[in-house]
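Trainee: Provided herewith is a single structure, encoded as structure tokens, for subsequent inquiry.
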Amino acid sequence: MAVILDRKLKVVFIGGCSRSGSTLLDLILGQGKDCFSLGEMYHIWQRGFVENQLCGCGMPFHSCNFWRSVIKEVSASVDLSDLESILKLQRSVARFRHLPLLAVRSLRSEGFNDRVLHYTDILKSLYQAIARVSGCGVLVDSSKLAAHGFILSEISDIELYVLHLVRDSRAVIHSWQRKKRRPEVFWKESLMPNAGLIKGTQIWLLANLLVGFLSRKVCKYKIVRYEDLASCPRKEAESIIRWLGLKCQPDFFLNDDSIDLGPNHTVSGNPLRFRVGSTRIRPDIEWKENMPRIKQKFIYLVTYLLLARFGQTGM
């Protein structure tokens with residue numbers, strides 16, 4: 001089914017810190033009519049095009065019929081024969097150190113601005129090809145990284161919606177310390193990245209501060225608390241769908257806390273993206289019992305100001 005792009009394509013960027021439930025939110029929204037889950041599109045060049053990791057459908061990226069169709073569409077306007085050049089271009093503009101230049105145009109050199117324009121042209125072609133192949137007018141991108149969000153905000157032909165997903169810092173850092181296999185790396189044993197107490201706290205603070213800055217550059221910005229999403233998923237989904245201006249109802253929910261997950265073509269994210277069928281959504285509160293109290297108190301004190309900003313100051 002083809003979609004005619006006679007209006008701006010809506011892209012929903014889910015920003016925030018890793019281990020905050022972005023894959024869950026991505027999949028929930030992607031079940032809706034006219035919505036399509038992309039997973040973490042920031043990683044598509046390396047993990048999809050180069051490494052051929054598993055798509056959410058379970059097939060290697062280059063063996064997936066959906067992505068093969070997208071690649072055929074994109075190839076009409078983008079030279080995909082030199083992926084190293086595209087990766088080099090991405091690294092030259094969409095990194096943490098480039099955030100001041102992405103946030104303030106007056107700081108940019110002519111060369112940097114030209115690279116941003118070149119990279120956004122490539123992304124625009126990619127997202128429009130996905131819309132045509134999927135037949136959907138709303139794409140959900142759970143990349144989380146602030147730099148990627150700023151890059152998306154540079155594309156005039158898309159209507160960007162930013163969902164800032166925030167999870168309690170203690171829960172995130174506890175999750176960072178768990179070992180979790182990455183099934184998409186099917187040719188060898190690979191684990192998701194881990195972080196200790198200090199590094200994890202720094203990551204949480206920086207990730208949420210930087211995504212928060214996006215609210216100054218985009219008109220459509222909404223904070224979503226993981227705890228609300230996991231406790232009342234249907235209610236939160238309805239609220240987000242209304243905010244996006246969509247008329248569809250979340251009829252993919254079996255009841256208030258269970259969802260019927262269909263197949264997806266996400267390119268990267270939590271292993272949850274490989275799950276299909278009836279899925280009950282419940283808050284992950286393991287940290288409250290298994291994280292030592294002294295660590296909980298340390299994280300709470302260091303991140304208190306941002307926790308208060310997001311209404312998460314309960315001990």
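Coordinate-derived values only; no laboratory data. Quick caveat, the model's predicted, so the values are computed rather than measured. So basically every Cβ, Gly included, is an ideal-geometry build from the backbone, and we count neighbours across all protein chains shown.
Trainee: DSSP beta bridges in the chain, what fraction antiparallel, as a percent rounded to 5? Could the numbers behind the result be given before it?
Mentor: Details: 8 of 30 bridges.
So the antiparallel bridges amount to about 25 percent of the total.
Trainee: Per the Kirkwood definition applied to all pairs of different Cα atoms, how many angstroms is the hydrodynamic radius of the chain?
Mentor: On the way: mean 1/r = 0.0498 Å⁻¹.
This gives a value of 20.1 Å.
Trainee: What number, in percent, do you get for the relative contact order of the range 252-315 if the mean sequence gap of Cα pairs under 8 Å and at least 6 apart is divided by its residue count? Intermediate values should be presented prior to the final figure.
Mentor: On the way: 37 pairs, mean separation 15.3, N = 64.
Relative contact order, the range 252-315: 24 percent.
Trainee: While we're on this one: How large is ³J(HN,Hα) for each residue in the range 277-283, as worked out from phi by the Karplus curve 6.51 cos²θ - 1.76 cosθ + 1.60 (θ = phi - 60°), to whole Hz, x for Gly and Pro?
Mentor: With the stated coefficients, the range 277-283 comes to x, 4, 9, 8, 9, 9, x Hz.
Trainee: Further question on the same structure: Whole Å is fine, so just give me how far the alpha carbon centre of the range 27-41 lies from that of the range 236-255.
Mentor: 12
Trainee: Moving to a separate point now. Longer than 20 Å from Cα to Cα, which of LYS144/LYS288; LYS124/LYS144; LYS222/LYS297; LYS33/LYS247 are they? Say none if no pair is.
Mentor: Too far apart for the 20 Å limit: LYS144/LYS288; LYS222/LYS297.
Trainee: Could you order the peptides 139-149, 169-179 from most to least packed, using the average number of other C-beta atoms within 10 Å per residue? Provide the component values of the computation, followed by the final result.
Mentor: Values: 139-149: 25.5, 169-179: 21.3.
The packing order, highest mean first, is 139-149, 169-179.
Trainee: Kindly write out, for the range 44-59 in residue order, the coupling ³J(HN,Hα) from the Karplus curve 6.51 cos²θ - 1.76 cosθ + 1.60 (θ = phi - 60°), rounded to whole Hz, with x marking Gly and Pro.
Mentor: So the Karplus estimates, Gly and Pro as x, are 4, 5, 6, 7, x, 5, 8, 8, 6, 5, 5, 6, x, 6, x, 9 Hz.
Trainee: If you don't mind, there's one more thing I want to ask. Rank by packing, highest mean first: peptides 260-267, 241-248, with packing defined as the count of other Cβ atoms within 10 Å averaged across residues.
Mentor: 260-267, 241-248
Trainee: Right, here's the next one. If you project the alpha carbons of the range 8-120 onto their three principal axes, what span does each projection cover, largest first, in Å?
Mentor: That gives 42, 34, 29 Å along the principal axes, largest extent first.
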